[in-house]
Amino acid sequence: MANGFTPVSNGVPDEESITAPLLHLRRSTSNNTSQIAIVGSNPCPIESLDYEIMENDVFKQDWRSRTIENIAGIKFVVTSNRMLENKYAEAYLIFAAANLGLTLFAVTITAFIAPEAAGSGIPEVKAYLNGVDAPAIFSFRTLLVKIVGSIAAVSSSLNVGKAGPMVHTGACIAALTSAGIAAAFRAPVGGVLFALEEMASWWRSALLWRAFFATAIVAILLRGLTDLCLSGKCGLFGTGGLIIYDVTSVNISYHLRDVPPVLLLGVIGGIAGSLYNFLLGKVLRLYNLINEKGTIYKILLACIVSIVTSSLLFGLPWIAPCHPCPPGATEPCPTIGRSGNYKKFQCPPGHYNELASLFFNTNDDAIKNLFSKDTDTEFHPLSILIFFITCFFLSIFSYGIVAPIGLFIPVIVTGASYGRLVGLLIGSTSNLNHGLFAVLGAASLLGGTMRMTVSLCVILLELTNNLLLLPLIMLVLLISKTVADAFNGNVYDQIMSFKGFPYLETHAEPYMRQLTVSDVVAGPLRVFNGIELVGNIVHVLRTTGHNGFPVVDEPPYSDAPVLYGLILRSHVITLLKKKCFLESPRLDVDAVERFSASDFAKQGLGNQDKIEEIELSEEEMEMYVDLHPFTNASPYTVVETMSLAKALTLFRGVGLRHLLVVPKTSERLPVVGILTRHDFMPQHILGLHPMLERTWKVDLGERSLKIKKIEARNVCGSEVYPSLAAFEGGGVRGWGS
């Protein structure tokens with residue numbers, strides 16, 4: 001037929017109809033943006049989520065009818081006992097072996113059981129909330145490995161955090177990222193704001209009270225656990241596992257002369273944060289080249305990082321001199337094998353080692369020591385400088401290993417150290433004590449790396465339990481974010497981009513206003529007739545990877561070719577699996593009665609039925625399927641002359657997976673093409689229109705990176721993906737993301 005649709009004459013298909021494409025439409029070259037992303041530590045196929053309600057006959061019918069601190073405590077107690085006996089080499093071996101064993105355990109269970117659990121999980125959850133469906137990120141095995149692995153990794157003295165894994169854990173359990181932050185920092189309001197400011201792409205009032213309810217429950221449970229710990233039933237570290245930092249006395253007085261140092265902290269935080277993100281990106285790319293060589297290299301890399309970390313944590317305190325315990329200290333001095341401001345380490349009785357108080361501790365207790373009040377003379381500036389440099393680089397080199405680890409706590413530790421350093425250098429010229437400078441330093445580096453403002457401000461206020469810090473924290477966050485934004489993006493967006501997730505931003509790029517949707521529609525387009533030959537359907541499914549197909553009615557079922565709707569690939573496969581066939585091309589009035597909505601329920605990505613698994617006889621291939629009852633008869637459509645920016649606003653605002661493009665005039669074919677989120681990616685648009693990159697000076701950032709071809713067995717399925725060109729093409733692209 002002239003219109004390019006599959007011809008059917010008197011119920012008998014033409015000889016070439018089974019092998020010929022149903023419709024060829026080449027308005028532009030195929031979209032080559034990859035549909036493979038790095039999920040956790042493995043390359044896996046990704047799809048878009050279906051937020052659109054499928055208004056077909058079948059669905060209408062259905063509408064009617066405390067652990068980290070104790071593990072670390074045992075390790076530190078045993079090591080300290082050996083040091084009291086002057087068995088320093090043995091103490092180091094025990095310390096390093098314990099850390100190596102915990103790291104090896106965390107990496108092994110992650111690499112072999114749930115590679116999706118690697119990293120903080122925040123980029124994966126954020127991409128999911130934006131509409132990207134990554135395989136197994138919320139599965140039970142991912143949840144289990146995330147919990148157990150993060151406990152082991154944080155207990156191994158690596159400079160990593162547990163906040164990110166707890167966000168992912170909260171998302172696995174209750175689909176609420178706010179609960180993770182509330183649990184990690186005892187910051188229920190901050191958790192809600194974190195979900196709103198950083199994680200969610202769409203927000204509505206119902207989510208607000210649900211998130212607040214979840215964080216309130218978490219706060220109540222943590223309050224109960226705190227009381228339990230205060231009674232001495234939490235093990236070696238007392239209340240150490242439920243962190244809250246009381247950094248100052250009730251009354252704080254600061255004046256205009258205290259503002260310049262705060263401004264300086266903000267500028268330093270912005271520069272250091274952007275440098276941190278830049279170096280982290282370089283390290284992640286290096287680690288990816290190592291990890292792609294195989295599991296043994298992933299484990300070897302983690303072991304090297306663990307040994308180097310243990311050597312630094314145990315070795316650097318030896319260069320610091322011992323200091324006599326200050327008279328009238330509010331805490332025991334020195335402390336042996338327990339948390340505290342004054343660690344004995346190798347010092348004689350009555351003396352403490354200031355570097356050991358920072359290095360030979362958990363991150364939580366290091367933060368408490370830096371935030372603590374009335375300790376202005378406890379640390380020497382050189383010791384704080386050594387601690388800052390070590391934490392800065394250890395947190396960067398530790399993050400890329402294949403284990404459930406986060407960035408939040410390491411950034412707080414690093415920022416608090418240079419904040420304390422600024423306080424030491426300024427000295428008595430400021431009314432602010434050094435603990436307050438540490439808090440402001442942590443805020444500035446958090447703002448410089450993560451680029452959040454409101455949620456970070458509230459989280460820090462809930463952490464420090466002092467509302468009087470509000471003006472200073474607000475100021476330092478605004479300055480650090482503004483300075484860092486001049487260099488690069490926030491760390492989670494950078495990691496998400498590096499992993500290859502097609503994230504849709506809230507705003508359209510300026511050049512999108514100069515293009516129409518017809519300028520980016522890729523071909524060839526494949527459509528189905530309302531009553532289609534089984535052989536044609538099987539051929540299209542086997543030769544394409546498209547996940548959505550327009551359904552078109554032609555005479556005699558309509559006066560002229562008309563767009564009936566859109567049907568998903570998974571629904572078509574279900575029809576073939578159930579063998580809902582007709583011997584002649586006619587409407588199937590009983591089709592709805594043979595199915596329920598549960599038959600078409602979305603399965604987990606990687607668990608869907610595949611066309612290769614369906615066996616059909618030659619006789620069945622000559623039969624027909626009535627697609628009308630299973631087609632979404634009211635899909636979202638846009639006219640081909642609509643601007644790309646306007647289409648992006650609609651696509652993202654509604655949370656679409658497919659957006660049909662229809663012609664301006666009725667004389668043409670009833671459908672021009674389909675837009676998916678990959679069609680809005682800068683790589684695809686600028687690949688079609690390279691002049692725009694020079695005209696608008698578009699910066700693709702990390703997405704311009706190409707990853708070398710690798711061979712990796714996908715843990716999400718049994719298929720081997722021979723290549724990962726995650727950022728600039730290389731993937732087989734269909735309509736369906």
Give me the distance in nm between label points sitting 7 Å out from Cα along the Cα-to-Cβ direction at PHE487 and ILE389, one decimal.
1.8 nm
Each residue of the stretch 348-365 in turn: what ³J(HN,Hα) in whole Hz from Karplus with 6.51, -1.76, 1.60 and θ = phi - 60°, glycine and Pro shown as x?
x, x, x, 10, 9, 10, 5, 5, 5, 5, 9, 7, 8, 8, 6, 4, 4, 6
Quick check: convex hull of the Cα atoms in the stretch 403-451, volume per residue, rounded to a whole Å³?
62 Å³
LYS579/ARG542 FRET efficiency (R0 22 Å; Cβ-Cβ; nearest 0.05)
0.80
Please state, as a whole number in µm²/s, the translational diffusion coefficient that the Stokes-Einstein equation yields for the stretch 539-686 at 25 °C and 0.890 mPa s, with Rh defined as the Kirkwood radius across alpha carbon pairs.
142 µm²/s
D (µm²/s, integer) via Stokes-Einstein for the stretch 469-513, Kirkwood Rh across alpha-carbon pairs, 4 °C, 1.567 mPa s: value 100 µm²/s
Relative frequency of Cα-Cα separations exceeding 18 Å in the stretch 363-485, percent
50 percent
Cα centroids of the stretch 531-568 and the stretch 426-476: how far apart, whole angstrom?
59 Å
For the stretch 581-663, listing GluC sites (Glu not before Pro) in a DSSP loop whose Cβ sees at most 16 other Cβ atoms within 10 Å gives GLU583, GLU615, GLU622
Evaluated at q = 0.11, 0.18, 0.26 Å⁻¹: base-10 log I(q)/I(0), Debye formula over Cα of the stretch 537-599
-0.31, -0.85, -1.34
Taking the reciprocal of mean 1/r across every pair of different Cα atoms in the stretch 121-173, the Kirkwood radius in Å is 11.4 Å
Full extension between THR641 and LEU221 adds, at 0.36 nm per residue less the Cα distance, a length in nm of 145.7 nm
Quick check on packing: order 352-360, 262-270, 103-111 by the mean number of other C-beta atoms within 10 Å, highest mean leading.
352-360, 103-111, 262-270
Can you give me the % of accessible surface on the stretch 525-619 that is carbon or sulfur? Probe 1.4 Å, all protein chains present, nothing else counted.
47 percent
Just the number: Rg to Rh for the stretch 418-481, Cα atoms, Kirkwood Rh, two decimals.
0.96
Between SER558 and LEU470, how many nm apart are label points set 7 Å from Cα along the C-beta direction?
5.9 nm
Across every pair of different alpha-carbon atoms, what Kirkwood hydrodynamic radius in Å does the stretch 487-598 reach?
17.9 Å
Label-point gap, in nm, between SER598 and ALA97 - each point 7 angstrom along Cα→Cβ:
5.5 nm
Of LYS162/LYS499; LYS298/LYS368; LYS146/LYS298; LYS298/LYS610; LYS126/LYS146, pairs whose Cα-Cα distance is over 23 Å:
LYS298/LYS368; LYS298/LYS610
Return the Cα extents of the stretch 82-140 along principal axes one, two and three, sorted largest first, each rounded to a whole Å.
58, 20, 14
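The values are calculated or read from the model by the stated rules, or taken from the named source; none is laboratory data. Predicted model, so just to flag it, every value in this text is computed and none were measured. Ideal geometry is used to build each Cβ from the backbone, glycine not excepted, and the neighbour counts take in all protein chains shown. SASA here: full protein model, heavy atoms, side chains in, ligands and nucleic acids out. Shrake-Rupley method; radii C 1.70, N 1.55, O 1.52, S 1.80 Å.
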